[in-house]
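Here the structure comes first, spelled out in structure tokens, and everything after it is commentary.
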Amino acid sequence: MTRIVRKYRMLLQVAAVVSWIRFRLRGESLPRVLKRLDPVALSGNPDQARFEDLVYYLDRWLQLLPYNAKGNCFPRSLALYWFATRSGYPVSFHCGVRKDKAGLDGHAWLMLDRQPFHEPGQHWQQFTVTYSFPSDRVGDREAMPPVSSHKGTMTAI
């Protein structure tokens, strides 16, 4: 497969996953969407170079078509969760909140072996984890059992 064909194939995969996530979140709770994103079993040996390309295309896609005015961390983390688990990375999804001058602020990110996974900077450390999925994945920082969530109300930056 030529490099250009592989590039466009990855871009179409990213577009399909982000679109599917956005559609599902309109009518389903976050825990239900995450269960749909969670593979039955992790497969294969992670291909780091391929995954770096996927992260690049995902970030570019979300720059062109942002999720909301505050940021893209929520759909980015969900899409990365889908790609990472299918690539063999046993990551977990985390949401957190913090209080700032304007009120509550939210953030979503992934963890792998107690480290942020493809998370730019250390921004995630400022947030108190309020939800983790899966809650039992070994080696995650502050993994917590799921909290109740209302349909379509989970918005984070």
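The values are calculated or read from the model by the stated rules, or taken from the named source; none is laboratory data. Only a predicted model underlies this, so the values are computations on that prediction, with no experimental measurement involved. Note that each Cβ is placed from the backbone with ideal geometry, even for glycine, and that neighbours are counted across all protein chains shown.
Does residue 44 fit the bill of being within 16 Å of the chain's Cα centre (by Cα), more than 25 Å from residue 127 (Cβ to Cβ) and surrounded by fewer than 18 Cβ atoms within 10 Å (Cβ to Cβ)? No: the conditions fail for residue 44. Only residues that are part of a loop (DSSP other than H, G, I, E, B) and more than 13 Å from the chain's Cα centre (by Cα) were counted across the stretch 17-41, and they come to 7.
Of all residues assigned to the stretch 95-105, none qualifies as being at pLDDT 95 or above and part of a loop (DSSP other than H, G, I, E, B).
Within the stretch 43-67, which residues are among the hydrophobic types (A, V, I, L, M, F, W, C) and touching a Ser or Thr at 6+ places or on another chain (Cβ under 9 Å)? Once the filter is applied, which keeps residues that are among the hydrophobic types (A, V, I, L, M, F, W, C) and touching a Ser or Thr at 6+ places or on another chain (Cβ under 9 Å), the stretch 43-67 yields 51, 54. Residues that are touching a strand residue (DSSP E or B) at 6+ places or on another chain (Cβ under 9 Å) and either under 15 Å from residue 52 (Cβ atoms) or β-branched (Val, Ile, Thr) (or both) within the stretch 62-93 comprise 76, 80, 84, 89, 91, listed in sequence order.
Across the stretch 107-130, the qualifying residues are those that are more than 14 Å from residue 72 (Cα to Cα) and in a loop (DSSP other than H, G, I, E, B), and the one among them that is modelled with the lowest pLDDT is 121. Taking the condition of a type in the set (Phe, Trp, Tyr) and modelled with pLDDT under 95, does residue 74 pass? So residue 74 passes the test.
Output yes when any residue across the stretch 71-85 is part of a strand (DSSP E or B) and under 17 Å from residue 134 (Cα atoms), and no when none is. Looking through the stretch 71-85, none of the residues is part of a strand (DSSP E or B) and under 17 Å from residue 134 (Cα atoms). Pairs are defined by a Cβ separation below 8 Å, a sequence spacing of at least 6 or placement on different chains, a first member in the stretch 48-77 that is over 24 Å from residue 26 (Cβ atoms), and a second member that is outside any helix (DSSP H, G or I) and among the aromatic types (Phe, Trp, Tyr); the pairs so defined are 51/89. Applying the criterion of being in contact with a Lys or Arg (Cβ under 8 Å, 6 or more places away or on another chain) and surrounded by 15 or more Cβ atoms within 10 Å (Cβ to Cβ) to the residues of the stretch 12-41, the residue that is nearest to residue 93 (Cα to Cα) is 33. Answer yes if at least one residue in the stretch 67-76 is within 22 Å of residue 124 (Cα to Cα), touching a helix residue (DSSP H, G or I) at 6+ places or on another chain (Cβ under 9 Å) and exposed (fewer than 14 other Cβ atoms within 10 Å of the Cβ), and no otherwise. Yes, some residue in the stretch 67-76 is within 22 Å of residue 124 (Cα to Cα), touching a helix residue (DSSP H, G or I) at 6+ places or on another chain (Cβ under 9 Å) and exposed (fewer than 14 other Cβ atoms within 10 Å of the Cβ).
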